[in-house]
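*Asks:* The structure follows.
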Amino acid sequence: MSPRAYDVVIVGAGIVGAACAAECASAGLKVAVVEATFVGSGATAAGMGHIVIMDESDAQFVLTRYSQALWDELADELPPDCEFRKYGTIWIAADEEELGLLRRKEQFYRERGISVELLDERTLAEAEPNLRRDLRGGLLVPGDSVLYPPCAARFLLERARDRGATTFFGQPVVRLDESKVKLRDGSSIAAGVIINATGTWASELTPGLAIKKRKGHLAITERYPGIVHHQLVEVGYLKSTHAHEAEAVAFNVQPRPTGQLLIGSSRQYSAEDPRVDHNILARMLARACEYIPQLAELSVIRTWTGFRAATPDNLPLIGPLPGRERIYLATGHEGLGITMSLGTAKLLVAHVLNWPLPIPIEPYLPSRMEHAACLRSSL
Amino acid sequence: MSEVVSLKINGMPIEVPFGTTVLVALLTNGVTGIRRSVTGEPRGPLCGIGVCFECRVTINAQPHCRSCQILCQDGMDVRTE
């Protein structure tokens, strides 16, 4: 066997792979990143870039909160084109049932020390005057932020390079062996540890992963500054994401620093076709117009789709692959890859180097899935 | 039907023949710098057929209206940057 060329070879230069590269290189490891196309070409470039604390489970909360704190630490170092802004999120309740969800959400955050503010009909209208007037209330989470993910991924990768990492672009990986990754051109790169950070494509290199593609649509408008001030999400979004139904749309609008509005969101299983589905797009935009009627007057300049890497329990896969301990997974983040990328990288490096873990890794370990049928076939 | 329509360009009252596009009303009234790019460069109409988006103006407080595709109407308030 040829001597190990790199301590760590990371496959995939999305934001998760880029974060892992920066963290591994900062820890003094000799790192290579192998990317089939270009930085952030998958879900990273397709996503909204909402750095958000989530409350679907304690494990989800802990990793999103930890990661958000890491983004906040990094914020001053991010170049201007990453467009990091602490706009905050307002979760919006349209009816009595959703008001109940909002209050539970408020309690969940308060109990865990997250600063939140419950808005009634009047204070919600003051905070976002262009929302329709019969909404029941909102929950402001002021610590949430937004950024432009492809530039953030590029920044993290540059940081990795500054700290000695090597990058290989346009190099599709065809196989992960125990101690090397094999490229399509027939060559191999020897590695002590391999990290599969290929998002929704992870199961092509690690067969048997129960990662499903979850298609999403987004639209972006011309520049209309001042229409929306926070990331606005209907709290019923949780209802629609929990139900693993085939198709769902939800109101989710993000102001960009340019004055553009990013309009989402949609979720579809079993949709492999990357083309825009105009039925879904129309439903998604109609949903957004229900909340902000003025949107109907604005020009959308671009629409696109992306694929999130979804797992059965809505938690990412972070850690060694059972039975093949030198192959690590860093995937399955679904719609939270941008938020969770920095925490994922810290966890992985700590696990690889046997350092103290900053937060418990158990909820995210791939081994949790052996009995839950996430790893569907024997490896 | 009246032969002329009355509107305002950047607050200035003008009259144009019925059927005139907003872009032609701008150009025939000496307004050639229609907008500025996001980096501040002056921009003007290029295609005149609704494709290049360089003739966008604000009409009745609605930004990003393509002036080459819209006919002047009585009472219109047209703003360029």
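*Asks:* Quickly run through the range A:204-225 and pick out the residues that are modelled with pLDDT under 95 and small (G, A, S).
*Replies:* The answer is A:G208, A:A210.
*Asks:* What are the pairs, 6+ residues apart or on separate chains, where a residue within the range A:222-238 that is at positive phi and within 14 Å of chain B (Cβ to nearest Cβ) has its Cβ under 9 Å from a residue that is at pLDDT 95 or above and assigned to a strand (DSSP E or B)?
*Replies:* A:G226/A:P255
*Asks:* If a residue has to be open to solvent by 40 Å² or more (accessible area, probe 1.4 Å) and more than 18 Å from A:G14 (Cα to Cα) to count, how many in the range A:202-216 make the cut? Give the steps one after another, and end with the answer.
*Replies:* To start, the set of residues in the range A:202-216 that are open to solvent by 40 Å² or more (accessible area, probe 1.4 Å) comprises A:204, A:207, A:212-213.
Now drop any that are not more than 18 Å from A:G14 (Cα to Cα), which leaves A:207.
The qualifying residues number 1.
*Asks:* Just a yes or no: is a residue in the range B:14-22 closer than 28 Å to A:I301 by Cβ, part of a helix (DSSP H, G or I) and among the aliphatic types (A, V, I, L, M)? Show your work before the answer.
*Replies:* If we filter the range B:14-22 for residues that are closer than 28 Å to A:I301 by Cβ, which is where we start, we get B:20-22.
Of the ones still in play, those that are also part of a helix (DSSP H, G or I) are B:22.
Then drop every residue that is not among the aliphatic types (A, V, I, L, M), which leaves B:22.
The answer is yes, given that some residue of the range B:14-22 is closer than 28 Å to A:I301 by Cβ, part of a helix (DSSP H, G or I) and among the aliphatic types (A, V, I, L, M).
*Asks:* Mind checking whether some residue in the range B:34-45 is among the polar types (S, T, N, Q), more than 8 Å from the chain's Cα centre (by Cα), open to solvent by less than 70 Å² (accessible area, probe 1.4 Å) and within 13 Å of another protein chain (Cβ to nearest Cβ)?
*Replies:* To start, the set of residues in the range B:34-45 that are among the polar types (S, T, N, Q) comprises B:37, B:39.
Applying the additional criterion that residues be more than 8 Å from the chain's Cα centre (by Cα) yields B:37, B:39.
Then drop every residue that is not open to solvent by less than 70 Å² (accessible area, probe 1.4 Å), which leaves B:37.
So of that shortlist, the ones also within 13 Å of another protein chain (Cβ to nearest Cβ) come out as B:37.
Yes, the range B:34-45 has at least one match.
*Asks:* Can you tell me which of B:S67, B:S37 is at pLDDT below 95 and of a type in the set (S, T, N, Q)?
*Replies:* Values: B:S67 fails: at pLDDT below 95.
Only one candidate passes the filter, namely B:S37.
*Asks:* Restricted to the range B:1-13, and to residues that are touching a strand residue (DSSP E or B) at 6+ places or on another chain (Cβ under 7 Å) and part of a strand (DSSP E or B), which residue is farthest from the other protein chains (Cβ to nearest Cβ)?
*Replies:* Among residues in the range B:1-13 that are touching a strand residue (DSSP E or B) at 6+ places or on another chain (Cβ under 7 Å) and part of a strand (DSSP E or B), the one farthest from the other protein chains (Cβ to nearest Cβ) is B:V4.
*Asks:* For the range B:60-81, which residues satisfy the criterion of being more than 8 Å from the chain's Cα centre (by Cα) and not in a loop (DSSP other than H, G, I, E, B)?
*Replies:* Result: B:Q62, B:P63, B:H64, B:C65, B:Q69, B:L71, B:D77.
*Asks:* Would you mind telling me which numbered condition in (1) over 21 Å from A:Q268 (Cα atoms); (2) modelled with pLDDT of 95 or more; (3) open to solvent by less than 10 Å² (accessible area, probe 1.4 Å) A:M369 fails?
*Replies:* (2)
*Asks:* Could you please find all residues in the range A:299-322 being assigned to a loop (DSSP other than H, G, I, E, B) and more than 14 Å from every other protein chain (Cβ to nearest Cβ)?
*Replies:* First pass over the range A:299-322, keeping only residues assigned to a loop (DSSP other than H, G, I, E, B): A:299, A:311-316, A:322.
Hits for the range A:299-322 are A:T311, A:P312, A:D313, A:N314, A:L315, A:P316, A:P322.
*Asks:* Another question about this same structure. Quickly run through the range A:75-95 and pick out the residues that are out of contact with any helix residue (DSSP H, G or I) (no Cβ under 7 Å at 6 or more places or on another chain), in a helix (DSSP H, G or I) and either among the hydrophobic types (A, V, I, L, M, F, W, C) or modelled with pLDDT under 95 (or both).
*Replies:* Across the range A:75-95, the qualifying residue is only A:A75.
*Asks:* I'd like to verify a number: residues in the range A:280-298 that are assigned to a loop (DSSP other than H, G, I, E, B) and within 14 Å of chain B (Cβ to nearest Cβ), how many? Write out each step before concluding.
*Replies:* Looking only at the range A:280-298, we keep the residues that are assigned to a loop (DSSP other than H, G, I, E, B), and these are A:292, A:298.
Checking which are within 14 Å of chain B (Cβ to nearest Cβ) leaves us with A:298.
Residues in the range A:280-298 being assigned to a loop (DSSP other than H, G, I, E, B) and within 14 Å of chain B (Cβ to nearest Cβ): 1 in total.
*Asks:* Further question on the same structure: Could you say which residue among A:I220, A:I189, A:I211 is under 18 Å from the mean Cα position of the chain (by Cα) and β-branched (V, I, T)?
*Replies:* On the way: A:I220 fails: under 18 Å from the mean Cα position of the chain (by Cα); A:I189 fails: under 18 Å from the mean Cα position of the chain (by Cα).
Of the residues listed, the single one that is under 18 Å from the mean Cα position of the chain (by Cα) and β-branched (V, I, T) is A:I211.
*Asks:* Ok, one more. Among the numbered conditions (1) among the aliphatic types (A, V, I, L, M); (2) more than 30 Å from B:F53 (Cβ to Cβ); (3) open to solvent by less than 10 Å² (accessible area, probe 1.4 Å), tell me where A:I292 comes up short.
*Replies:* The failed condition is (2).
*Asks:* Something else: Could you check the range A:132-154 and list, in sequence order, the residues that are open to solvent by less than 10 Å² (accessible area, probe 1.4 Å) and hydrophobic (A, V, I, L, M, F, W, C)? Working first, answer last.
*Replies:* Initial filter on the range A:132-154 (open to solvent by less than 10 Å² (accessible area, probe 1.4 Å)): A:135, A:137-139, A:141, A:144-147, A:149, A:152-153.
Within the range A:132-154, A:L135, A:L139, A:V141, A:V146, A:L147, A:A152, A:A153 qualify.
*Asks:* Examine the range A:261-279 for a residue that is within 14 Å of chain B (Cβ to nearest Cβ) and surrounded by 15 or more Cβ atoms within 10 Å (Cβ to Cβ), and state whether such a residue exists. Before the answer, list the steps.
*Replies:* Initially, the range A:261-279 is screened for residues within 14 Å of chain B (Cβ to nearest Cβ), giving A:261.
If we keep only those that are surrounded by 15 or more Cβ atoms within 10 Å (Cβ to Cβ) too, we end up with A:261.
Yes, there is a match, as at least one residue in the range A:261-279 is within 14 Å of chain B (Cβ to nearest Cβ) and surrounded by 15 or more Cβ atoms within 10 Å (Cβ to Cβ).
*Asks:* A:V62 - would you say it is farther than 22 Å from A:G264 by Cα, surrounded by 14 or more Cβ atoms within 10 Å (Cβ to Cβ) and β-branched (V, I, T)? Break it down into steps so the answer makes sense when it comes.
*Replies:* On the way: farther than 22 Å from A:G264 by Cα: yes; surrounded by 14 or more Cβ atoms within 10 Å (Cβ to Cβ): yes; β-branched (V, I, T): yes.
Spelling it out, A:V62 is indeed farther than 22 Å from A:G264 by Cα, surrounded by 14 or more Cβ atoms within 10 Å (Cβ to Cβ) and β-branched (V, I, T).
*Asks:* Taking the range A:102-114 as the search range and keeping residues that are more than 19 Å from A:L63 (Cβ to Cβ) and not aliphatic (A, V, I, L, M), which one is surrounded by the most Cβ atoms within 10 Å (Cβ to Cβ)? So that I can check it myself, show each step before the final result.
*Replies:* Going through the range A:102-114, the residues more than 19 Å from A:L63 (Cβ to Cβ) turn out to be A:102-104, A:106-107, A:110.
Remaining after also requiring not aliphatic (A, V, I, L, M): A:103-104, A:106-107, A:110.
Details: A:R103: 14, A:R104: 14, A:E106: 20, A:Q107: 12, A:R110: 12.
Only one residue fits best here, namely A:E106.
*Asks:* As an exercise: evaluate A:L317 against (1) surrounded by 20 or more Cβ atoms within 10 Å (Cβ to Cβ); (2) out of contact with any Ser or Thr (no Cβ under 8 Å at 6 or more places or on another chain) and give the number of the one condition it does not meet.
*Replies:* It is condition (2) that A:L317 fails.
The values are calculated or read from the model by the stated rules, or taken from the named source; none is laboratory data. What you see is a predicted model; the values in this text were computed from it and never measured. Every residue, glycine among them, receives a Cβ derived from its backbone with ideal geometry; neighbour counts consider all protein chains shown. Protein only, heavy atoms only, side chains kept; ligands, DNA and RNA dropped before computing areas. Shrake-Rupley method; radii C 1.70, N 1.55, O 1.52, S 1.80 Å.
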